[in-house]
Amino acid sequence: MRAYQLDRFALDHLHLADMPDPVPGPGEVAVDMRALSLNYRDLLVIRGQYNPNLRLPATPISDGAGVVSAVGPDVRGLRAGDAVMTHFVAGWIDGPFREQYVATTLGLPAAGVAAERVVLPAQALLPLPAGFDFQQAATLPIAALTAWSALVTEGNLQPGQVVLTLGTGGVSVFALQLAKAMNATVIITSSSDEKLARARELGADHTINYRTRPDWHREVLRLTGGRGADITVENGGAGTLSQSLRATRAGGVVAMLGALTGLSADVNLAPVLMKRLRICGIMVDSRAAFERLCAFLAQHPLEPVIDRVFPFEQLPDALRWMETGRHVGKIVVAF
Ligand SMILES: NC(=O)c1ccc[n+]([C@@H]2O[C@H](COP(=O)([O-])OP(=O)(O)OC[C@H]3O[C@@H](n4cnc5c(N)ncnc54)[C@H](OP(=O)(O)O)[C@@H]3O)[C@@H](O)[C@H]2O)c1
């Protein structure tokens, strides 16, 4: 079988290699992959920016879906032929997050899925939600569950509340779609009017171009009658946090999940104190939360926004497309 190998950190060092078929051990399952989806994290991992101490050579990419081809001893509930998708923080089943779970995240440091056949712990696999094909299911594990984590697990979003979400990438578009499915009002920002038109087609109530409105938090305040958003999905990090704090209402939630503009900044913390904001760090979510998301999707059908599909042989091109930032929603790789 063929698998991508990263020999050294850099996209140019990602290449296809012939590898022996992996065999599942106790508690493990072999999956023939049918689709992958890309996350910004994959780029950071490949460039060595996520963790320069990761052991190489290794197979990257976190999210995918496929068909069980074999199960090892002591595996219950899964058998050959089952359609499954990955659960990113494989060791986090339920309950509070623990630091040691970071070592179990798929796509390094734990196994990556950019291979024709992968072996994963059984607990890292869930059935596909009803009505989802492999490509659609492959978009869910990080992006949709992170949006769910921000809106539901941490944000306790209620109908009629206002969600502010930054940019039109994978997490943000799922935040838009999930929030609309929960009857919230959505304000979304983007660098591009064209992308904002797409966001309106997807149900966004208000759109702001942060290039032409660099003081975008003022527009959020205007749109909310001076109050601010109930929940802000903070994808941007260092460069956007100050405005996100100002754009969020007193007692509101700022779900800190991204670092598109970096991790270190000089931030005025006054709004945190004066508005008693809750800043929540997000690390995707547990398997139990993923099951709750799948149950929600069964009741509220939602079509993942797939920007482009690349063949497996063109995974590096798919990652380069993500680097350009020209996509809306998710980029998928199909086998
Ligand atoms: N903590 C977690 O659990 C978790 C989980 C998933 C993702 N993340 C992080 O969340 C971020 C988004 O991930 P993703 O996979 O959704 O990325 P993505 O699909 O690559 O989305 C990137 C998009 O973000 C927008 N963007 C870039 N700079 C921005 C800025 N200054 N202000 C507002 N938007 C900006 C751009 O959209 P426009 O052109 O429309 O502006 C860009 O296309 C990344 O930092 C990722 O590492 C964290």
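Mind giving me the nanometre distance, one decimal, between the label points for ASP94 and ASN209, set 7 Å out from Cα along Cα→Cβ?
4.9
Rounded, prolate or oblate: pick one for region 144-281, where a ≥ b ≥ c are the square roots of the eigenvalues of its C-alpha gyration tensor, a/c under 1.5 means rounded, and failing that, prolate if a/b is larger than b/c, else oblate.
Details: a/c = 1.31, a/b = 1.15, b/c = 1.14.
It is rounded, given that a/c, with a ≥ b ≥ c, falls under 1.5.
Sort the following peptides by mean Cβ neighbour count (other Cβ atoms within 10 Å, averaged over residues), highest first: 82-92, 118-128.
Descending mean neighbour count gives 82-92, 118-128.
Quick one: order THR232, THR207, THR165 by neighbouring beta-carbon count within 10 Å, fewest to most.
Starting with the residue having the fewest Cβ neighbours, the order is THR207, THR165, THR232.
What nm value, rounded to one decimal, do you get for the distance between VAL102 and LYS275 when each label is placed 7 Å out toward the C-beta?
Placing both labels 7 Å along Cα→Cβ, they lie 2.9 nm apart.
Can you give the extra length, in nm with one decimal, that the chain gains between ASP21 and MET1 once fully stretched, where that is 0.36 nm per residue apart less the Cα-Cα distance? Walk me through the intermediate numbers first.
Numbers: separation 20, 0.36 × 20 = 7.20 nm, distance 0.59 nm.
The ASP21-MET1 span can extend by a further 6.6 nm.
Going by average Cβ density within 10 Å per residue, which order do the peptides 174-184, 221-231 take, highest to lowest? Present the calculation step by step, with values, prior to reporting the outcome.
Details: 174-184: 22.7, 221-231: 18.1.
Per-residue mean Cβ counts within 10 Å order the peptides as 174-184, 221-231.
Throughout, read-outs are computed from the coordinates displayed, never taken from laboratory work. Note that the structure is predicted; figures quoted are calculated from it, not measured. Heads up, the Cβs are rebuilt from the backbone with ideal geometry, glycines too, and the neighbour counts pull from every protein chain shown.
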